[in-house]
Every structure is written in C-alpha cells, then in structure tokens.
Amino acid sequence: MKKPPTIAIIGGTGAEGLGLGFRWAQAGYAVTIGSRTLEKALSRVAELNARLSDGKLALQGKENFAAVQACRLSVLTVPYRAHEATLLELKGALQGKILVDVTVPLVPPRVDRVQLPPGRAAGLEAQALLGAGVRVVSAFQNISTKHMRAAERQIDCDVLVCGDDAEARAEVIRLVQAAGMSGLHAGPLANAVAIESLTPVLISLNKHYGVKDAGIRVTGIPRADD
Ligand SMILES: NC(=O)c1ccc[n+]([C@@H]2O[C@H](COP(=O)([O-])OP(=O)(O)OC[C@H]3O[C@@H](n4cnc5c(N)ncnc54)[C@H](OP(=O)(O)O)[C@@H]3O)[C@@H](O)[C@H]2O)c1
C-alpha cells in the first residue's frame, strides 16, 4: 500500500486550515501548518499540539514555501483575494505534487450570491496558473468552519471531490475520510464551477434558517455502513 502523504497546509493558520490539520494529525498524518510568518505558524501549532491525543505525531509550523517544499501534498486555505499571488509564489515548490484547493471565490459583501471568478472556478484558475506538472484537486468548499471547530466529532456532510487525475482524487478522498467526513468522487476539475458555487447557496440557507453549518448530503449512493 502507498505511504500516506505528508501534508502542508498553505495559510493553515485560519479556521479551515487549523481544523483540517488537527483532524489529520489526530488520524496519524504528518502535518505542517504554513503561514506567511514563521512565528504565527509556530504559535498556532503549539495550541494544536497541546490538544493532540497522546502518541500522535506533533504538527510542525513553517513559512508557506518551506512547508510546501517539505511535503508531498499541499492544501490551500487562503481567502480568494490571496489565491493568485500565493500560488505564483509557490508554483516552483508545488511541481510534481498534488494541490488540494479549498478556496471559495466569494466576493464580499455579497457572499450569499454566486459570482463566478474570471477563470470560472478557483480550482480551474489554480490548474491554469500551476500548469500540468501539478495535479489540482478541489475539495471541502461546502464544509463550514463551525464543523471544523468541533474537532472530535464526525461531520455529517458529503465532501464533493473533483479533479482531472483519478489517482490524486482517490488520495484526497482518503484524506476526507481521515478527517471525519464522507468524500465522493465528483468528476473532473471543470465541476469545481458548480461545487464552489454551492457555498454561496449554503450561506443563503444559513442566513434564512438562522444556522451556521448548512451542508450537503447526496442521496442514492451506497455507503459503507448501508
Ligand atoms: N470559513 C468557512 O466556513 C469556509 C468553508 C469552506 C471553505 N472555505 C474557504 O477556505 C479558505 C480559508 O478559509 P478561512 O476562513 O480559514 O480563511 P481566513 O482565516 O480568512 O484565512 C486563512 C489564512 O490565509 C492567510 N492569508 C490571509 N490573507 C492573506 C493574503 N493576503 N495573502 C496570503 N495569505 C493570506 C492567513 O494566514 P497567515 O497570516 O498565517 O499567512 C490566514 O490565516 C477560503 O478560501 C474560504 O473561502 C471557508
């Protein structure tokens, strides 16, 4: 069986990156939290490590570039406004690896409205910027950080995972499951247009129903526990 990937989380000091990083560390993966500043990465990592169960591999903290260089798979969790510049800075270090793009191209203040970016999806823009040497997989856009904060709990949501490389997609689905969610193969990277667009729909549902964690669940697919 293939060795589990070492994971770098770019901009991993926000709620989404910290939540995923903690869940993967609890599941036994080697995780490095990346940041623009080493001090911030180290301070967030110290907080997470204090909560880790005994015997788990401690998370590490590094600047984004060093984090990506040290790992086989990277996860991008920066706001859309930082997406292009961050990827251009890390393009060299990402070559030959998998990039999981979590970015939702929201346009404040109307974050409850679908507004497609110039390249139609952040995931497609990432692939165009990075070139064919990087296998971009898009995932986690529909998981609220409210779920991420409850780090010990299974999350009752599906994660739609899309990407053009089936092997990379399968690797990311294993990571989704390790993080306590259910991952579904959702086709090629072009489908990121629809998946990223679901997030403003979920934000509208949150507003209307007075909740913070609306998510999605697909019916009609056999599950392991059926
Ligand atoms: N919030 C949600 O419920 C949710 C759900 C699904 C997906 N997402 C998506 O996941 C991504 C991360 O969400 P989040 O709430 O964790 O974001 P966030 O807290 O706003 O930002 C995450 C990290 O990005 C880095 N960053 C911020 N501005 C930057 C800039 N101008 N240049 C480079 N790095 C910058 C910061 O890290 P350093 O200061 O340490 O460098 C920050 O801690 C977003 O694209 C979001 O749309 C969010």
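The values are calculated or read from the model by the stated rules, or taken from the named source; none is laboratory data. Note that the structure is predicted; figures quoted are calculated from it, not measured. No Cβ is skipped: glycine too gets one built from the backbone with ideal geometry, and neighbour counts run over all protein chains shown. The accessibility values were calculated without ligands, DNA or RNA, using every heavy atom of the protein model including side chains. Shrake-Rupley method; radii C 1.70, N 1.55, O 1.52, S 1.80 Å.
When you scan segment 132-139, do you find a residue that is closer than 22 Å to Pro5 by Cα, over 18 Å from the mean Cα position of the chain (by Cα) and not hydroxyl-bearing (Ser, Thr, Tyr), even just one?
For segment 132-139, residues closer than 22 Å to Pro5 by Cα, over 18 Å from the mean Cα position of the chain (by Cα) and not hydroxyl-bearing (Ser, Thr, Tyr): present.
Considering only segment 202-217, how many residues are surrounded by 12 or more Cβ atoms within 10 Å (Cβ to Cβ), out of contact with any helix residue (DSSP H, G or I) (no Cβ under 8 Å at 6 or more places or on another chain) and not basic (Lys, Arg)?
5
Is it true that Leu129 is hydrophobic (A, V, I, L, M, F, W, C) and either away from the ligand (no atom under 12 Å from the Cβ) or closer than 25 Å to Leu184 by Cβ (or both)?
The answer is yes for Leu129.
Listed residues Leu38, Leu90; which is open to solvent by less than 70 Å² (accessible area, probe 1.4 Å), closer than 13 Å to Leu130 by Cα and within 15 Å of the ligand (Cβ to nearest atom)?
Exactly one of Leu38, Leu90 is open to solvent by less than 70 Å² (accessible area, probe 1.4 Å), closer than 13 Å to Leu130 by Cα and within 15 Å of the ligand (Cβ to nearest atom), namely Leu90.
Mind counting the residues in segment 1-12 that are under 10 Å from Gly61 (Cβ atoms) and more than 14 Å from the ligand (Cβ to nearest atom)?
So the count comes out to 0.
Quick one: in segment 113-125, which of the residues that are closer than 26 Å to Asn206 by Cβ and open to solvent by less than 40 Å² (accessible area, probe 1.4 Å) is nearest to the ligand (Cβ to nearest atom)?
Ala122
So in segment 138-151, with the set limited to residues that are part of a loop (DSSP other than H, G, I, E, B), touching a residue at least 40 places away in the same chain (Cβ under 8 Å) and not β-branched (Val, Ile, Thr), which one is surrounded by the most Cβ atoms within 10 Å (Cβ to Cβ)?
If we take residues in segment 138-151 being part of a loop (DSSP other than H, G, I, E, B), touching a residue at least 40 places away in the same chain (Cβ under 8 Å) and not β-branched (Val, Ile, Thr), then Ala139 is surrounded by the most Cβ atoms within 10 Å (Cβ to Cβ).
What number of residues in segment 13-35 are surrounded by fewer than 17 Cβ atoms within 10 Å (Cβ to Cβ) and either among the basic types (Lys, Arg) or away from the ligand (no atom under 14 Å from the Cβ) (or both)?
Qualifying residue count, segment 13-35: 2.
Could you list, in sequence order, the residues of segment 42-79 that are away from the ligand (no atom under 16 Å from the Cβ) and open to solvent by 50 Å² or more (accessible area, probe 1.4 Å)?
Ala50, Arg51, Ser53, Asp54, Gly55, Lys56, Leu57, Ala58, Gln69, Ala70, Arg72
Out of curiosity, is Val100 more than 10 Å from the ligand (Cβ to nearest atom), assigned to a strand (DSSP E or B), touching a residue at least 60 places away in the same chain (Cβ under 8 Å) and open to solvent by less than 20 Å² (accessible area, probe 1.4 Å)?
yes
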